[in-house]
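Comments concern the structure below.
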Amino acid sequence: MNKSSGKDWDQIWAGANIATMVAGVQPYGNIKNGALAVKGDRIAWIGPAAEGAREAAARGIPIHDAQGLWLTPGLIDCHTHLVYGGHRVEEFEKRLCGVSYEDIARAGGGIQSTVQATREATHQELRASATVRAKQIMAEGVTTIEVKSGYGLELAAERRLLEVARELGQELPVSVKKTFLGLHALPREFAADRRAFVAQVSGPWLQSLAAAGLVDAVDAFCENIAFTAAETEQFLQSAQKLGLRAHVHVGQLSDMGGAELAAKWGALSADHLEFVSAAGARDLAAAGTVAVLLPTAYFTLRQTTPPPVAMLREAGVAMAIATDSNPGSSPCTSILLALNMACTLFGLTPEEALSGATRTAARALGASDEIGTLEVGKRADLALWRIERPAELCYALGANPCTGVVYRGRLRGARATLPS
Ligand code: NIG
Ligand code: FE
């Protein structure tokens, strides 16, 4: 808490119950009947409602009466594949008729079919469909979205996906982190020469996209239907030479030693992790690499082996939760559904799950200094909720109690009204 003078504030939210999500003694970092003052795009003060309101009134600073609503950090969806062409409804039907995700991928469907639809789509079409999905995610209090490329798999197409991601962040009141998912699938034109593809992606493609300012981080799909540990390592090494951090898809369908690899290269996050050894978990903890769990993908693929949450917890691995929004394994634009499933399917506590879409998700994006908790000096990205306790954000299925969002200090969007 900060006792700074009220004269520095632009506005204050008073009468809110605040889940600051700061790790510590209080569950959810709770401050009951609190107030939060904003200056510009920053949080300027947090404290008791009466003190904040008194100070603001004395100085003529606008007071928003939050009327007992809950205030949390703006939620963070730290793993999405939001920009793509087409959909995969036929594949969904096939899977329900008994064909596996792996078989579909090996027969040239799966990611490959989205690559084809993405290459055929225009820039405008990609932007329009991604905008719809981004708005759906944002409606649930999300103020930061990570967006991966990976459905272009040729340089120009990958560039276009990252440009669309950048445009989303410029045109919508949401912060976008752009990830170059260079090793997602082997494109058909390289079917006879994997080595050449990995060399292209790790060399000229990465350099060109990074030079264009389109790469905040890189990603690779280390899996038996995708890329080997050695191929993944080659890409991560090239990224490190450019000073870029990594996310890595590991252990979704099998344990290829991806967690150990992610840790070895100091990755920001290792994502999926249904299959990870005790040694892999220890390595992640030691490296400070966040485990990003993706329960809606697990659910959609009707998987039966959940990530070993007890083992991860025991090892001290920080766990984040994200939607993995994509047309194949997770046609989901609801972070609240992901939080629910993190609890019901994976056994996280509601506090762990909500931390996973705030404080720990910020860490998974390397953005803990800016976002993820409500603390003085951090960005004023806030979500207001009509709930009685924070666990409700994990409890309800299909409800959206978000009643307002403040992005960089400003109320945003159609839902951005205070209590009605
Ligand atoms: O995170 N695992 C790789 N990528 C996506 C799936 C992409 C797809 O099926 O189109 C995922 O699950
Ligand atoms: Fe993914």
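The values are calculated or read from the model by the stated rules, or taken from the named source; none is laboratory data. This structure is a prediction, so every number in the text was calculated from the model and none was measured. Glycine gets a Cβ as well: all are built from the backbone with ideal geometry, and neighbour counts include every protein chain shown. The accessibility values were calculated without ligands, DNA or RNA, using every heavy atom of the protein model including side chains. Shrake-Rupley method; radii C 1.70, N 1.55, O 1.52, S 1.80 Å.
This table checks each residue for (1) part of a helix (DSSP H, G or I); (2) not assigned by TED's automatic domain parsing to the domain that holds residue 163.
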| residue | (1), (2) |
| --- | --- |
| 23 | no, yes |
| 53 | yes, yes |
| 67 | no, yes |
| 81 | no, no |
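Would you check if there is a residue in the stretch 181-198 being surrounded by fewer than 24 Cβ atoms within 10 Å (Cβ to Cβ) and within 15 Å of residue 130 (Cβ to Cβ)? Taking every residue of the stretch 181-198 in turn, none turns out to be surrounded by fewer than 24 Cβ atoms within 10 Å (Cβ to Cβ) and within 15 Å of residue 130 (Cβ to Cβ).
Residue count for the stretch 224-275, restricted to those that are within 16 Å of ligand 2 (Cβ to nearest atom), open to solvent by less than 50 Å² (accessible area, probe 1.4 Å) and within 21 Å of the chain's Cα centre (by Cα): 19. For the stretch 160-181, a residue qualifies if it is of a type in the set (Ser, Thr, Tyr) and away from ligand 1 (no atom under 16 Å from the Cβ), and exactly one does: 175. For the stretch 326-345, check the following and say yes or no: at least one residue is more than 16 Å from ligand 2 (Cβ to nearest atom), at pLDDT 95 or above, of a type outside the set (A, V, I, L, M, F, W, C) and under 19 Å from residue 41 (Cα atoms). Looking for residues that are more than 16 Å from ligand 2 (Cβ to nearest atom), at pLDDT 95 or above, of a type outside the set (A, V, I, L, M, F, W, C) and under 19 Å from residue 41 (Cα atoms), one finds none in the stretch 326-345, hence no. Inside the stretch 391-411, can you point out the residues that are farther than 20 Å from residue 64 by Cβ and in a loop (DSSP other than H, G, I, E, B)? Result: 391, 396, 397, 398, 399, 400. The residue that is surrounded by the most Cβ atoms within 10 Å (Cβ to Cβ), counting only those in the stretch 199-210 that are small (Gly, Ala, Ser) and touching a strand residue (DSSP E or B) at 6+ places or on another chain (Cβ under 8 Å), is 202. Among the residues of the stretch 322-342, those identified as outside any loop (DSSP other than H, G, I, E, B) and touching a His at 6+ places or on another chain (Cβ under 9 Å) are 326, 330. The residues listed here are 72, 143, 118; of these, the one that is more than 30 Å from residue 388 (Cβ to Cβ) and either away from ligand 1 (no atom under 16 Å from the Cβ) or among the β-branched types (Val, Ile, Thr) (or both) is 118.
All conditions but one from (1) surrounded by 14 or more Cβ atoms within 10 Å (Cβ to Cβ); (2) modelled with pLDDT of 95 or more apply to residue 50; the one that does not is (1). One residue stands out among those in the stretch 83-107 that are part of a loop (DSSP other than H, G, I, E, B) and within 13 Å of ligand 1 (Cβ to nearest atom): the one that is farthest from residue 13 (Cα to Cα), which is 100. Among the residues of the stretch 64-77, those that are in contact with a Gly (Cβ under 9 Å, 6 or more places away or on another chain) and either open to solvent by less than 80 Å² (accessible area, probe 1.4 Å) or within 16 Å of ligand 2 (Cβ to nearest atom) (or both) comprise 64, 66, 68, 69, 71, 72, 73, 74, 75, 76.
Does any residue of the stretch 319-331 turn out to be more than 14 Å from ligand 1 (Cβ to nearest atom), closer than 23 Å to residue 229 by Cα and out of contact with any strand residue (DSSP E or B) (no Cβ under 9 Å at 6 or more places or on another chain)? No.
The stretch 144-231 holds helices (runs of 4 or more DSSP H) entirely within its bounds, and those carrying 2 or more residues that are touching a Ser or Thr at 6+ places or on another chain (Cβ under 6 Å) map to 155-171. Annotation note: of 107, 117, the sole residue that is over 23 Å from the mean Cα position of the chain (by Cα) and without any contact (Cβ under 8 Å) to a residue 24 or more places away in the chain is 107.
Cβ-Cβ contacts under 6 Å between residues 6 or more apart (or on different chains), taken from a first residue in the stretch 222-238 that is more than 17 Å from residue 276 (Cα to Cα) to a second residue that is open to solvent by 30 Å² or more (accessible area, probe 1.4 Å) and not in a helix (DSSP H, G or I), are listed as 236/265.
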